[in-house]
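Notes follow the structure.
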Amino acid sequence: MDDILREITDLREVMTNRFRQVEALTNLYAIVPVKHAMPQPTKWTASPDLLLFLISQIQKQRPVSILDIGSGATTVWMANALRHFEIPGKIVSIDHDENFGAETAATLQQQGLDAYAQVRIAPLVEVDIKGERRHWYDPKRLDDVESCDMVVVDGPPGFMYPLSRYPALPLLESKVSSEARIIMDDASRPDEREIVERWCREYPDWSSEFIEHEKGTAVLTRH
């Protein structure tokens, strides 16, 4: 009987989450009307609830400089939002995968969003973080990026290296504005939780808020 009750509870949670994602996707299309086929959400891409949150942040905060770490659906949707809300902003999106980055760039071009977003291929290289050797996107590809109002951290993939996204804040803190928001996807995973906790411990000017999205979202802001 206990096993049956657990299965019923699990099924209810799955159905509730699916309803939330469909609802988020419906709201997304209502807020930002699009005329082209959009990247379909998968387990590897941002969930509709995160995409809706990003669009709402753009609508409220009107950022003019956005850094998207890990190209894909987030890049395309945010570029559409900049155009729709008539924000004179620009997204720089980096990706280590040439094929995936090229696919995102092609989608941007097809939708006439080149003026709002640019995809850069940045291979994963060794970087030094306070004496620790880690792998992250080649920082040279971001030499001209500064005063970012919004940073979306959705890469590198978590399976590639332990705490693979940790270098983001140490390497980017000097490139973000005082009012910037750093948004971490997959924040429900142990590695990402540890990364956020470590960031807040090592950079006490920053604090985090956890949002119960499908994959978990952490939002970091400066005090």
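Laboratory data are not the source of any read-out in this text; all were calculated from the coordinates shown. Only a predicted model underlies this, so the values are computations on that prediction, with no experimental measurement involved. Note: ideal-geometry Cβ built from the backbone for every residue, glycine included; neighbour counts use all protein chains shown.
Taking the Cα centre as origin and putting +1 on Lys and Arg beta-carbons and -1 on Asp and Glu beta-carbons, what dipole magnitude results for the chain, to the nearest 20 debye? Can you show the working numbers first?
Values: 25 positive and 36 negative charges, 95 e Å.
It works out to roughly 460 debye.
Pop out the ³J(HN,Hα) list for the range 200-213 in order, Karplus 6.51 cos²θ - 1.76 cosθ + 1.60 with θ = phi - 60°, rounded to Hz; leave Gly and Pro as x.
Calculated HN-Hα couplings, in order: 5, 6, 7, 10, x, 6, 9, 10, 10, 10, 9, 10, 7, 7 Hz.
Under a point spin-label approximation (7 Å from Cα along Cα-to-Cβ), what is the Ser174-Glu86 distance to one decimal in nm?
About 3.9 nm, to one decimal.
What is the Å³ per residue value for the convex hull set by the Cα atoms of the range 108-223?
Details: hull volume 14.9 nm³, N = 116.
Taking the convex hull of the Cα positions in the range 108-223, it is 128 Å³ per residue.
Just going by the charge dipole of the chain, with Lys and Arg at +1 and Asp and Glu at -1 on Cβ, which of Val145, Gly155, Leu220 is farthest out on the positive end?
The residue sitting most towards the positive pole is Val145.
Label 7 Å along Cα→Cβ of Thr26; the range 59-79 residues with amide nitrogen under 16 Å?
none
What percent do you get for the relative contact order of the chain when only Cα pairs under 8 Å and 6+ apart count?
On the way: 360 pairs, mean separation 33.3, N = 223.
After rounding, I find 15 percent.
Please list 126-133, 26-33, 153-160 highest first by mean number of surrounding beta-carbon atoms within 10 Å per residue.
Those peptides, ordered most packed to least, come out 153-160, 26-33, 126-133.
Can you tell which of Val64, Val76, Thr16 lies farthest toward the positive end of the dipole of the chain, using +1 and -1 charges on the Cβ of basic and acidic side chains (Lys, Arg; Asp, Glu)?
Going by the charge dipole, the pick is Val64.
With springs connecting C-alpha atoms under 10 Å apart, model the chain as a Gaussian network and identify which of Asp114, Asp205, Asp185 has the largest mean-square fluctuation.
Among Asp114, Asp205, Asp185, the largest GNM mean-square fluctuation belongs to Asp205.
222 nm [θ] for the chain, helices only, -39500 (n - 2.57) per DSSP H run of 4+, per residue, to 500? Present the calculation step by step, with values, prior to reporting the outcome.
Numbers: 6 runs with 87 residues, N = 223.
That comes out to -12500 deg cm²/dmol.
How would you classify the chain from its alpha-carbon gyration tensor, with a ≥ b ≥ c the square roots of the eigenvalues: rounded for a/c under 1.5, else prolate if a/b is greater than b/c, otherwise oblate? Walk me through the intermediate numbers first.
Values: a/c = 1.58, a/b = 1.12, b/c = 1.40.
Oblate shape, in that a/c is at least 1.5 and b/c is the bigger or equal ratio.
Could you work out how far the C-alpha centroid of the range 62-102 sits from that of the range 169-201, in angstrom?
Result: 18 Å between the Cα centres.
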